[in-house]
Amino acid sequence: MTALNFFKRLKDAMDRQAEDVWEMVQYSRDQGYRLRLGEVTTTELNFFRLRDFWSQRVYIDINEPEENATGADWEWVIGHDDKWLQIRVQAKMMNASGSFDQLGHPRSSGDQMRKLLNPPSDTVSCRWMPLYVFYAAEPAAKVASLLRHEGCSAQLARVVSENYNRGRPPRKNARKRAIDHLHVPKSAPHVPTSIPWSGIFDGLITRLESESLVDIVDSLANRRFPANASRIDDFWDVRIDDGLCGGELPGYLQKIVDARNDRDFASSQLATLGISVSPQRGSITAEAKLRADRDLLENRPSREMVENWTIGTTDEAEAAPIPRITMELGEASAMALPSFVSIIDVNRLPEIGEHVGRGPS
C-alpha cells in the first residue's frame, strides 16, 4: 500500500470514528441518558477503532508516587530511522451544558495547558506540534454548523490557549464554552476555526500527491515549527519554519527507536516504556525512588515470557505480558510526556483491510 493510500484510508477512518463519537456524545448529553462518557474512555475507543493505522503503540508508564499528571493524552510520531515528526494531543470532552469544563485545569504537578504548550525541550523533537482535540456534538454544543464528522475536532493549542485566556491571567474569566472553540467567535473573527480531526493530515496528503513520505519527513525533520503558526496545515509546509535545528530525538523517543532493533520489542504492536522519575529536591525521596525502581524491575517481563507470547492466543493459552523497556527521567520531563505514542514508521506501514473504520469490531 502506498503512503498516499494509507493516509487517505486513515482520514476516512477518522471521519467515521468522529461520527461515532458525535453519536455517543449527543446521546449521553442531549437525551439525558446517564452514560459516563469521558475523555479517557473515548480516546481509548478511538485508538482501538484505529488500531490498524499504527506500526506500534507504546504506553508511557510513569512510576511516580504522586498523581501521574501528564501534559498530553497521546501523540502521533511519524518518520523513520532518526528522523521523526511529533503531533502531541490533549483531548477534552464537552459536558452536558456545552462546555469543556476541564480545559486548562491545574494538576498537582503544574498547569496542563502550560505543559502542553511549553514542555521541557528534552521531551520534543525538532518538528513538533501541540494540539487540542475536542469531543462534542449538537445540540449541547450550540454550534449550528457542527457536522457529525466534527465529533472529534482539532485546533492548535496556542489558538485554544489565547482564546481561553482572552489576554488575561490563566483561569480568570476563562472561555470554556464549546461555542468559543468550535467555530470563529463573533468577538474575535480573526481566530481560526477548528477543523475535523482527520484534517490534521490534509496537508500531508496534499504533498503525498507528488512526493514520497520519506522525502516529506526528511524535508521537515530539522525545521522548527513556529510557535505562532496559525493553521494546522502549516505543519506540513516546508516553507514555514522557525529556523533549523539538529533534529535530535528526545530521550524517550530515542529509547523507543533503539529498542525497536530488539526482536521481542519490534515484533509486538503493543509495548510499554516504563519511566522511573529521578529524585529531585522537593520531589520524591530516595526511598520512594528505590520503590519505583523495584516496581519497574518486578513488572518487566522476562525474555523467555516474551518469546513464548503468541499473537492471537486462544483462551486456553496464557497471555504473556506486553514487552517493556525502562528508563529514568527528571520529574518535569516525565510529567510532560503523553500517555501513549502511536508510531507510524515510514518503513513499516501496515496493510489496511477493507473492514477498517466501518463500525464496531
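The values are calculated or read from the model by the stated rules, or taken from the named source; none is laboratory data. All values reported here derive from a predicted model rather than from experimental measurement. Positions of Cβ are generated from backbone atoms using ideal geometry, with glycine treated the same way; all protein chains shown enter the neighbour counts. Accessible surface is based on the protein model in full, side chains and every heavy atom, while ligands, DNA and RNA are left aside. Shrake-Rupley method; radii C 1.70, N 1.55, O 1.52, S 1.80 Å.
Can you name the residue in segment 79-112 that is modelled with pLDDT under 90 and of a type in the set (A, V, I, L, M) and is also least open to solvent (accessible area, probe 1.4 Å) among such residues?
Filtering first and then ranking leaves 103.
Might you check whether a residue that is in a helix (DSSP H, G or I) and open to solvent by less than 30 Å² (accessible area, probe 1.4 Å) occurs anywhere in segment 31-40?
The initial filter retains those residues of segment 31-40 that are in a helix (DSSP H, G or I), namely 39-40.
Remaining after also requiring open to solvent by less than 30 Å² (accessible area, probe 1.4 Å): none.
No.
Before we move on, is residue 232 open to solvent by less than 30 Å² (accessible area, probe 1.4 Å) and farther than 30 Å from residue 324 by Cβ? Steps first, answer last, please.
Working: open to solvent by less than 30 Å² (accessible area, probe 1.4 Å): yes; farther than 30 Å from residue 324 by Cβ: yes.
Yes, satisfied.
If residue 226 meets every condition in (1) touching a strand residue (DSSP E or B) at 6+ places or on another chain (Cβ under 7 Å); (2) at pLDDT 95 or above; (3) assigned to a loop (DSSP other than H, G, I, E, B) apart from one, which number is that one?
(1) is the only condition that residue 226 fails.
Any residue in segment 195-205 that is free of Cβ contacts under 8 Å to residues at least 40 places away in the same chain, buried (at least 21 other Cβ atoms within 10 Å of the Cβ) and touching a helix residue (DSSP H, G or I) at 6+ places or on another chain (Cβ under 8 Å)?
Taking segment 195-205 as the starting set, the residues that turn out to be free of Cβ contacts under 8 Å to residues at least 40 places away in the same chain are 203.
Pick out the ones that are also buried (at least 21 other Cβ atoms within 10 Å of the Cβ) and you get none.
For segment 195-205, residues free of Cβ contacts under 8 Å to residues at least 40 places away in the same chain, buried (at least 21 other Cβ atoms within 10 Å of the Cβ) and touching a helix residue (DSSP H, G or I) at 6+ places or on another chain (Cβ under 8 Å): absent.
So, in segment 138-159, how many residues would count as being under 23 Å from residue 29 (Cα atoms) and open to solvent by less than 20 Å² (accessible area, probe 1.4 Å)?
Initial filter on segment 138-159 (under 23 Å from residue 29 (Cα atoms)): 138-155.
Now drop any that are not open to solvent by less than 20 Å² (accessible area, probe 1.4 Å), which leaves 140-141, 143, 146, 151-155.
Summing the residues that are under 23 Å from residue 29 (Cα atoms) and open to solvent by less than 20 Å² (accessible area, probe 1.4 Å) in segment 138-159 gives 9.
Where residues in segment 4-26 are open to solvent by 20 Å² or more (accessible area, probe 1.4 Å) and in contact with a Leu (Cβ under 7 Å, 6 or more places away or on another chain), which of them is modelled with the highest pLDDT? Write out each step before concluding.
Just the residues of segment 4-26 that are open to solvent by 20 Å² or more (accessible area, probe 1.4 Å), to begin with: 4-5, 8-9, 11-12, 15-16, 19-20, 22-24, 26.
Remaining after also requiring in contact with a Leu (Cβ under 7 Å, 6 or more places away or on another chain): 4, 24.
Values: 4: 96, 24: 92.
Within segment 4-26, the match that is modelled with the highest pLDDT is 4.
Could you tell me which of the residues 342, 333 is modelled with pLDDT of 90 or more, surrounded by 13 or more Cβ atoms within 10 Å (Cβ to Cβ) and either part of a strand (DSSP E or B) or out of contact with any Pro (no Cβ under 8 Å at 6 or more places or on another chain) (or both)?
None of the others qualify; the one that does is 342.
Would segment 49-65 turn up any residue that is outside any helix (DSSP H, G or I), at pLDDT 85 or above, of a type in the set (Val, Ile, Thr) and open to solvent by 30 Å² or more (accessible area, probe 1.4 Å)?
Applying the first criterion (outside any helix (DSSP H, G or I)) to segment 49-65 yields 50, 54-65.
Among the residues that remain, those that are also at pLDDT 85 or above are: 50, 54-62.
Add one more test, that the residue is of a type in the set (Val, Ile, Thr), and what stays is 58, 60, 62.
With open to solvent by 30 Å² or more (accessible area, probe 1.4 Å) added as a condition, the list becomes none.
Within segment 49-65, not a single residue is outside any helix (DSSP H, G or I), at pLDDT 85 or above, of a type in the set (Val, Ile, Thr) and open to solvent by 30 Å² or more (accessible area, probe 1.4 Å).
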